[in-house]
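The values are calculated or read from the model by the stated rules, or taken from the named source; none is laboratory data. All figures in this text were calculated on a predicted structure; none of them were measured in a lab. Reconstructed Cβ throughout: ideal geometry from the backbone, glycine too, with neighbour counts over all protein chains shown. Quick note on the areas: whole protein, heavy atoms, side chains included, nothing else; ligands and nucleic acids left out. Shrake-Rupley method; radii C 1.70, N 1.55, O 1.52, S 1.80 Å.
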Amino acid sequence: RLATISLTQPLQLRPTNKKAPSSLQMSSSAPEPRKAGVSTPEELAAFVSSAGDNLVVVDARHPDPEVEPGDVKSLAVAGFPSSNVIGEGEYRPRAVNLPWSRESGGMDLLPEGIAKDTPIITHCGGGGRGQMAKDFLESNGFTNVLNGGGPKETDCWAVFGEK
């Protein structure tokens, strides 16, 4: 006989010491932990809000799948900015693509005229190269930089991905 549950009252669960048979145990579906240095969605939301139209998003993914095969998956979720001139593109207008090079350990710097205290979010597919890009920009004098992870970090991406 099946039990019925009233949807008008909260469901109360009681802990039990009984262990389910191994054939019935569910596997954990907890998300993977964020990569080191990736900001939380709350940090990103506050940062984006305070930055307003001054925000710059640096997409550190590489356009050549031969160089970075892993970027193919994230590019299927979110493409590159439609323009590499901040504020001019229709898709991701606050973003520029400055690929992080694992080979050289660097990337191009932001275009001339970007102040060193400009609020910047770096990202790649999941945060590793985004962190390297953040560190690189900071080592070149930029002082207001966060690592946003990338499309893989869906809760973070929801905050700034369309910027």
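Structure data summary
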quantity: Hits in region 115-146 (condition: modelled with pLDDT of 95 or more and touching a helix residue (DSSP H, G or I) at 6+ places or on another chain (Cβ under 7 Å)); calculated: Thr118, Pro119, Ile120, Ile121, Thr122, Val145, Leu146
quantity: All positions within region 117-163 that are of a type in the set (Gly, Ala, Ser), open to solvent by 40 Å² or more (accessible area, probe 1.4 Å) and either touching a residue at least 40 places away in the same chain (Cβ under 8 Å) or in contact with a strand residue (DSSP E or B) (Cβ under 6 Å, 6 or more places away or on another chain) (or both); calculated: Ala158
